[in-house]
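Colleague: Please read through the structure below; I'll follow up with questions.
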Amino acid sequence: MFSSAPSATGQEDPAGHSPHYEIWVQADQNYRIAVNVRSVDGSDVVAHYDPGFTNPTKLDLARLAAGEKGFTELPTGLGGKGLDYLRDDLFPIDAMTPIPPEGQGVTLRNLLDGQVERAKADHSAVVIAFGEFFQDRGSDSTFGFSPELGVHDIHMMQGNAGSFANDNRINGDGALFIRFAGGETVALFVRFTMQSTTTDDRGDPS
């Protein structure tokens, strides 16, 4: 899990690159948050976007936003402290719908662009991302800062079969929250249509 103040910009990766929307944030140093907006295996992406998220989570979002900025490692699996789309009362899983990454009308890119720009103008805004930490010695591939640090896999991490089955776990799903002054919180939850929404205690399809 990662929390930080938004900085710089957010942008979608160009065609032919990794299918993410990238957000540059600052805490004790620069980080990149990579939010999945397309799949790499041809499955559709569905999302639940809540501009006024108020449901409780295992970790109090208000406390996280007010706390130290940076990475916090969370245990996953049985008894884990991370989020779980299927076991936590975060949102109705059947409320997830296709939202195109780009184009005309409501798109993930437009939604994220608008909230990132709003957060940049709100000095009290904090980004809270649940996902997987990544690190590389070189410069960041998107924004150029060095070293390359960030978080990815900001999507459901269970119900996979085939080549992604090794990713399965419970209490370890990814999500993005942007919390503004006054406590208003925007939430984004993402999964792929090939992921099962019934899983066992290992996160495997059941």
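The values are calculated or read from the model by the stated rules, or taken from the named source; none is laboratory data. In this text the structure is predicted, and so the values were computed from the model without any measurement. Every residue, glycine as well, gets a Cβ built from its backbone with ideal geometry; the counts of neighbours run over all protein chains shown. Accessible surface areas use protein heavy atoms only, side chains included; no ligands, DNA or RNA. Shrake-Rupley method; radii C 1.70, N 1.55, O 1.52, S 1.80 Å.
Colleague: I need to check one value: relative contact order of the chain, counting alpha carbon pairs closer than 8 Å and at least 6 residues apart, in percent. Display every interim value, and only then the final one.
Modeller: On the way: 483 pairs, mean separation 56.9, N = 206.
With pairs under 8 Å counted, the relative contact order is 28 percent.
Colleague: What spacing in nm lies between the two simple spin-label points modelled at residue 28 and residue 161, each 7 Å away from Cα in the Cβ direction?
Modeller: Output for this residue pair reads 4.3 nm.
Colleague: Which one, 147, 19, 93, projects farthest toward the positive side of the charge dipole computed for the chain from Cβ point charges (K/R +1, D/E -1)?
Modeller: Positive-most Cα among the choices belongs to 147.
Colleague: With contacts defined as alpha carbon pairs under 8 Å and 6 or more residues apart, what's the relative contact order of region 115-195 in percent? Spell out each step's value before the answer.
Modeller: Working: 141 pairs, mean separation 25.0, N = 81.
Contact order relative to length: 31 percent.
Colleague: When the accessible area of the chain is split by element with a 1.4 Å probe, what percent falls to carbon and sulfur? Write down the numbers at each step before the final one.
Modeller: Numbers: 4600 of 9600 Å².
Looking at the chain in its full context, I get 48 percent from C and S.
Colleague: What ranking, highest mean first, results for peptides 77-90, 134-147, 184-197 when packing means the other Cβ atoms within 10 Å averaged over each residue?
Modeller: On the way: 77-90: 16.7, 134-147: 13.3, 184-197: 20.3.
Peptide ranking by packing, descending: 184-197, 77-90, 134-147.
Colleague: Suppose all protein chains stay in the model; what accessible area per residue would a 1.4 Å probe give for the chain, in Å²?
Modeller: Working: 9600 Å² over 206 residues.
Value for the chain: 47 Å² per residue.
Colleague: Got a sec? Which residues in region 145-160 would a label at residue 200 touch, if it sits 7 Å along Cα→Cβ and we count backbone N under 20 Å?
Modeller: So the set is 157-160.
Colleague: If the chain between residue 73 and residue 145 were fully stretched, how many nm would it gain, using 0.36 nm times the residue separation less the Cα-Cα distance? Each step should come with its number before you reach the end.
Modeller: On the way: separation 72, 0.36 × 72 = 25.92 nm, distance 2.32 nm.
My answer for the length gained is 23.6 nm.
Colleague: Follow-up. Based on the Cβ-Cβ distance of residue 135 and residue 59, what FRET efficiency does E = 1/(1 + (r/R0)^6) give at R0 = 25 Å, to the nearest 0.05? Before the final figure, lay out each step's value.
Modeller: Values: r = 23 Å, r/R0 = 0.90.
E between residue 135 and residue 59, to the nearest 0.05, is 0.65.
Colleague: I need the semi-axes of the equivalent ellipsoid of the chain: take the C-alpha gyration tensor, multiply each eigenvalue by 5, square-root it, list largest first in whole angstrom.
Modeller: Working: eigenvalues 114, 76, 64 Å².
Semi-axes, largest first: 24, 20, 18 Å.
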